[in-house]
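Accompanying notes for the structure given below.
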Amino acid sequence: MSLHGDYDPQNIFAQIIRGQAPCYKLYEDEDVLAFLDVFPQSYGHTLVIPKRVAARNILDVDSDSLAKVMTVVQRLARVLVEELEPAGVQVAQFNGAPAGQTVFHLHMHIVPRYAGEKLELHASARAEASLLEQLQARLLRRINA
Ligand code: AMP
């Protein structure tokens with residue numbers, strides 16, 4: 001059902017886009033927004049979303065908007081790898097609750113992977129605000145360099 005229902009304009013990412021909910025922003029242009037996941041599965045877990053389309057998932061986004069999102073995904077994946085030096089980086093995206101989706105506005109996960117470290121549970125433990133603030137500042141220095 002969650003794969004095919006209507007777009008809910010009150011979902012948390014829509015609120016973040018409208019400035020009605022806070023985020024640890026890393027990047028924004030007129031089409032794309034990127035911010036830290038507040039329930040990170042690893043250090044540096046980042047989300048990238050389209051701003052101008054009411055798309056729940058990859059099935060109902062137009063290809064131009066998706067391409068703009070993926071361009072930012074690649075750029076930020078490079079930033080995360082350069083700054084945090086993980087051993088790997090995972091790019092993931094889920095469609096429908098049975099596939100693991102919990103927020104129904106299309107988003108790409110960028111998850112740095114560190115040797116020997118398991119992922120935290122999905123959307124589970126909220127990170128300390130101070131940790132997210134420090135990480136945001138660190139990544140913004142690299143992004144804006
Ligand atoms: P998914 O389960 O693929 O729909 O991913 C949704 C992601 O959004 C999860 O990784 C959550 O930890 C994350 N998330 C939920 N609420 C927020 C929020 N307010 N700010 C940042 N990330 C969030």
> Any idea which of (1) at pLDDT 95 or above; (2) within 11 Å of the ligand (Cβ to nearest atom) is the one GLU82 doesn't satisfy?
Replying inline: (2)
>> Suppose we filter region 107-121 for residues that are in contact with a strand residue (DSSP E or B) (Cβ under 6 Å, 6 or more places away or on another chain) and either of a type in the set (Lys, Arg) or within 15 Å of ILE58 (Cβ to Cβ) (or both); how many remain?
In response: 4
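Tell me the residue from GLY100, GLY5, GLY44, GLY96 that is small (Gly, Ala, Ser) and either under 23 Å from GLU133 (Cα atoms) or in contact with a helix residue (DSSP H, G or I) (Cβ under 8 Å, 6 or more places away or on another chain) (or both), please.
Numbers: GLY100 fails: either under 23 Å from GLU133 (Cα atoms) or in contact with a helix residue (DSSP H, G or I) (Cβ under 8 Å, 6 or more places away or on another chain) (or both); GLY5 fails: either under 23 Å from GLU133 (Cα atoms) or in contact with a helix residue (DSSP H, G or I) (Cβ under 8 Å, 6 or more places away or on another chain) (or both); GLY96 fails: either under 23 Å from GLU133 (Cα atoms) or in contact with a helix residue (DSSP H, G or I) (Cβ under 8 Å, 6 or more places away or on another chain) (or both).
Exactly one residue qualifies, and that residue is GLY44.
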>> I'd like to check something: does region 123-137 contain any residue that is more than 9 Å from the ligand (Cβ to nearest atom), in contact with a strand residue (DSSP E or B) (Cβ under 7 Å, 6 or more places away or on another chain) and within 19 Å of VAL69 (Cα to Cα)?
In response: no
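Restricting to region 91-100, name every residue that is near the ligand (Cβ under 8 Å from one of its atoms) and either more than 20 Å from SER63 (Cβ to Cβ) or not in a loop (DSSP other than H, G, I, E, B) (or both). Reasoning before the result, please.
Let us first name the residues in region 91-100 that are near the ligand (Cβ under 8 Å from one of its atoms), namely 92-94, 100.
Of everything in region 91-100, those that are near the ligand (Cβ under 8 Å from one of its atoms) and either more than 20 Å from SER63 (Cβ to Cβ) or not in a loop (DSSP other than H, G, I, E, B) (or both) turn out to be ALA92, GLY100.
Within the group SER124, SER130, which residue is at pLDDT below 95 and among the hydroxyl-bearing types (Ser, Thr, Tyr)? So that I can check it myself, show each step before the final result.
Values: SER130 fails: at pLDDT below 95.
Only one candidate qualifies: SER124.
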> Mind checking which residues of region 101-122 are under 22 Å from CYS23 (Cβ atoms), more than 9 Å from the ligand (Cβ to nearest atom) and assigned to a loop (DSSP other than H, G, I, E, B)?
Replying inline: LEU106, LEU119, GLU120, LEU121
>> So GLU83 ticks every box in (1) in contact with a His (Cβ under 7 Å, 6 or more places away or on another chain); (2) part of a helix (DSSP H, G or I) but one. Which box is left unticked?
In response: (1)
> Across region 78-112, what is the total count of residues that are more than 21 Å from LYS51 (Cα to Cα) and surrounded by fewer than 17 Cβ atoms within 10 Å (Cβ to Cβ)?
Replying inline: 11
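The values are calculated or read from the model by the stated rules, or taken from the named source; none is laboratory data. Since this is a predicted model, take the numbers as computed values, not measurements. Here the Cβ is made from the backbone with ideal geometry for all residues, glycine too, and neighbour counts use every protein chain on show.
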